[in-house]
Amino acid sequence: MNRIINIIGRENRICELAIRRLRDKCAVFEKKYNLSSDDFYDFWQQGKMEDETELFEWKALIEGIDEWKQTREELKKLATA
């Protein structure tokens, strides 16, 4: 059982690192466009942003953060099961 808990802990640290790195990359876009990632994503969903290649990258980074957060939540469920 300890081995499983250790593996879950390691995977959780990987999630945290991935989220931190993706947020750092989002921060570059936030500074460049003077816009929070949340606001950008809302505008994107409403079709209010241009179809620029780097904006697709920003969108993908935000979605990547969401996926890693979901993975982290699933790991928490496993750890408490």
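The values are calculated or read from the model by the stated rules, or taken from the named source; none is laboratory data. Every value quoted in this text rests on a predicted model; they were computed, and no experiment measured them. In this analysis, Cβ positions are derived from the backbone assuming ideal geometry, glycine residues included, and neighbour counts consider all displayed protein chains. Note: accessible area is taken over every heavy atom of the protein model, side chains too, but ligands, DNA and RNA are not part of it. Shrake-Rupley method; radii C 1.70, N 1.55, O 1.52, S 1.80 Å.
Only one entry in I14, I19 is open to solvent by 70 Å² or more (accessible area, probe 1.4 Å), among the β-branched types (V, I, T) and assigned to a helix (DSSP H, G or I), namely I14. Contact annotation: no residue pair with Cβ atoms under 8 Å, 6 or more positions apart or on different chains, pairs a residue in region 41-55 that is at pLDDT 95 or above with a partner that is open to solvent by 100 Å² or more (accessible area, probe 1.4 Å) and β-branched (V, I, T). Among the residues making up region 22-42, those that are over 15 Å from the mean Cα position of the chain (by Cα) and surrounded by 14 or more Cβ atoms within 10 Å (Cβ to Cβ) are Y33, L35.
Of K77, K32, all but one fail to be of a type in the set (K, R) and modelled with pLDDT under 95; the exception is K77. Residues that are free of Cβ contacts under 8 Å to residues at least 12 places away in the same chain and charged (D, E, K, R) were ranked within region 58-81; the one that is surrounded by the fewest Cβ atoms within 10 Å (Cβ to Cβ) is K77.
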